[in-house]
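Read the structure below first, then the notes.
The values are calculated or read from the model by the stated rules, or taken from the named source; none is laboratory data. All of these numbers come straight from a predicted model, not from anything done at the bench. All Cβ positions, even for glycine, are placed from backbone atoms using ideal geometry, and neighbour counts span all protein chains on display. Side chains included, ligands, DNA and RNA excluded: accessible areas come from the protein's heavy atoms. Shrake-Rupley method; radii C 1.70, N 1.55, O 1.52, S 1.80 Å.
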Amino acid sequence: MRRALIITALIIVLAALVFWLGGSMERVTLWAQSAQRGFQEQMALGLRALRAGEPGALATLWGLCFAYGFVHAVGPGHGKFLLGAYGAGHDVPVMRMVGIGLASSLAQGGTAIALVYGGVLVFNASREALQLAGDVWLERASLIAIALIGLWLVARAARKILWQTMAGPAVAPAGHVHCDSCGHRHGPELHEVQALRGWRDTALLIGAIAIRPCTGALFVLILTWRMGLVWQGILAVLIMALGTAAVTASVAATAVLAREGALGWADRLGRASWLMPAMEMLAGLFILLVALNMLKIF
Amino acid sequence: MSNLSICVTASDMRRLILSAFIASGHSAPALAHPHIFVDAELEIVFDSEGAPEGIWISWSYDPFFSMLLVSDLGLDPDFTGEITEAERSDLDGFDMNWIEDYHGDTHVTQSGTALALTGPLEWESDYRDGQLFSRHLRHFIDRPAADEEWIVAVYDPTYYTSYGIIGTPRITGRSDCTARVFEPDWDAAGAQLEAALDEILATGGDFEADFPAVGALFAEEVRLICAAP
C-alpha cells in the first residue's frame, strides 16, 4: 500500500515537473482565474439567497466556499511551495505534513476572521484599510517570514554537512541512534532533540502561512458581517480554509512520499547519508529564492 | 448601518493599493491574482470630419465586487441586488472620481506610441440585477491617424482588476472602419514575461524599476483601421 503510494507520488512529482517545464503553468493559472470569475457570481448569489432567508442557502454557500478555497489553492501561492519544499527536504512523517497543511489553512482563515472582526470592532477600520492590510502588508510579512525560514533551513543543513564532513560518514548520519546502555541521561536524547525541532518547525511553517489572509475570505467576512450573519460567515471562511487545506495537504503529503521514494532508492546505492542534508539544503534554498523573488516583484 | 460603509470607489481602492507599493518603492504586484473582474465594451466616436474624437468605455463589474462596493456606499441595505431611484442618484459617478495617478485602464497606441486621452467627460452609472455598470466618455488629446492601424487595449497594469472586452466595438460617425478584437495569447504572454525577467536578471538590471507591466502582456486589444480618404 505504502509502496504504491510512494510510486504514485513520484509519478505525480515527475508529471508536475514536465508540466511546469513544458510551460503549461499559465494554462492552470488561467483556468483557476476563469473559475474564480465564475465563483464571484455564485458567491454573490449565494450570499443574497442567504440574506433573503431562502431554504438551503446556508448549505449552498458553505459548499461554494469549500470549492472556492480549493480552486484558489490550485493557483499560484506561497503556502504550497513552502510545504512542498519542506516536505521534500525533511525527514517528516506524512501525517504530520498533512496536519501542517490543514492547520496552516485553518489558521489562515483565523487570521482573516481576526483581521476583520478585530479591525472593525477594535480599530473601527474601513474596508479599504482592511484590504490594504491583507493584500499588501500581511502578504509582505508572510513572504519575509518564509524567506527567513528558507535561510534558516539552509544554515541548518550547512551545519549538518559540515559536521558530517568533520566527523566522517560513520558517526554522522543523524538517524535513530539510541544509547540504550547508558542508564542515565547526559542531556536530551537525539530523538527528543528531533521531536523538539519537529514541533518548532511545525509552528514556524504554520505561522508563516497563516500571516496572510485570503482576499476572498475578507470579502465574505465583511459582507456577512454587514448582513448580520456573523457565525454563518465565520463558518463559511473556515470551510473555505478546509477547501484550501485539501490542496496544500495533498501537495505536502506528495512531497514527503516522493522524498521517501527517492531516499529508499539512494539507500540501495549507499548514498542516503549524503542525500539527506543535501536535500534539506536544496529545499531551504528553493524556499528562500522563491520567497525573495516574490518579494522583489511584489 | 455599519462602520465599514465609508464611500470608496474601485479606482480609489486601486490607488490605495498602488500607492502603498509606490510608497515603499516597489513596483506593481505582478504575481498577485486579480480580485475584480470587469467586462469592458467600447464605442469609438468619430467627429463630423471623420477624425477619431473619443471613446465611450463601458464597465460592468462582477457581482461579488459589485455587492461589496454597493454595500461600501451604504446602498441596497437589504442586499436585494436592486436599488431605488433615490439610491440611483447616490450611485452617480461612483467610479469616476479619478485621482491624479490613476490612468483609467484604457490604453491607445499607434505604431508603438501611446496616445493621451482626457479624463472622463460624461458618464452614467447603474446597478441592476446585482451588477454595477458604468459608462464614460474620454476624448483623444492626441488623435490617431484613422487610416493607419491603431490599438485600443483595456488593462490594469497592476493586474488587480482583470478586464475582458465584450463584443466588437461599435463605431459611430463613420462606416468605413474595421475593428478586430484580439484575445491575449496566453502562452506567448507567459513566455514573453519570462524572457523579459531573464533579461533583467542577466543584465543585472533593477528588478523593481525595470519590471515589465504584466497587465499589457495579458490584455485584450482592439485593432482599428479606417479607409484612406
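Key figures for this structure:
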read-out	value
Total residues in region A:64-93, condition away from chain B (no Cβ under 12 Å), closer than 17 Å to A:ALA246 by Cβ and open to solvent by 40 Å² or more (accessible area, probe 1.4 Å)	2
Pairs where the first residue, in region A:1-22, is part of a helix (DSSP H, G or I) and surrounded by 14 or more Cβ atoms within 10 Å (Cβ to Cβ) and the second is modelled with pLDDT of 70 or more and of a type in the set (Lys, Arg), C-beta under 9 Å, 6+ apart	A:ALA9/A:ARG259
Residues of region A:127-154 satisfying the condition of being without any contact (Cβ under 8 Å) to a residue 40 or more places away in the chain, small (Gly, Ala, Ser) and open to solvent by 30 Å² or more (accessible area, probe 1.4 Å)	A:ALA129
Residue satisfying all of: in region B:138-183; aliphatic (A, V, I, L, M) and not in a strand (DSSP E or B); nearest to A:GLN33 (Cα to Cα) among these	B:ILE166
Test for A:ALA203: is it touching a Leu at 6+ places or on another chain (Cβ under 7 Å) and either away from chain B (no Cβ under 14 Å) or modelled with pLDDT under 85 (or both)	no
Residue, farthest from the other protein chains (Cβ to nearest Cβ), within region A:207-253, restricted to residues that are of a type outside the set (A, V, I, L, M, F, W, C) and surrounded by fewer than 24 Cβ atoms within 10 Å (Cβ to Cβ)	A:GLY207
Region B:152-165 residues that are surrounded by fewer than 20 Cβ atoms within 10 Å (Cβ to Cβ), paired with ones that are among the acidic types (Asp, Glu) and part of a strand (DSSP E or B) (beta carbon under 9 Å, 6 or more apart)	B:GLY164/B:ASP39; B:GLY164/B:GLU220
Checking B:GLU82 against (1) open to solvent by 50 Å² or more (accessible area, probe 1.4 Å); (2) in contact (Cβ under 8 Å) with a residue 24 or more places away in the chain; (3) touching an Asp or Glu at 6+ places or on another chain (Cβ under 9 Å); (4) more than 14 Å from chain A (Cβ to nearest Cβ), the condition it does not meet	(4)
Of residues in region B:80-104 being assigned to a loop (DSSP other than H, G, I, E, B) and among the charged types (D, E, K, R), the one nearest to B:PRO120 (Cα to Cα)	B:ASP95
Candidate set: region B:65-79, residues that are acidic (Asp, Glu) and either open to solvent by less than 50 Å² (accessible area, probe 1.4 Å) or not in a loop (DSSP other than H, G, I, E, B) (or both); chosen: the one farthest from the other protein chains (Cβ to nearest Cβ)	B:ASP76
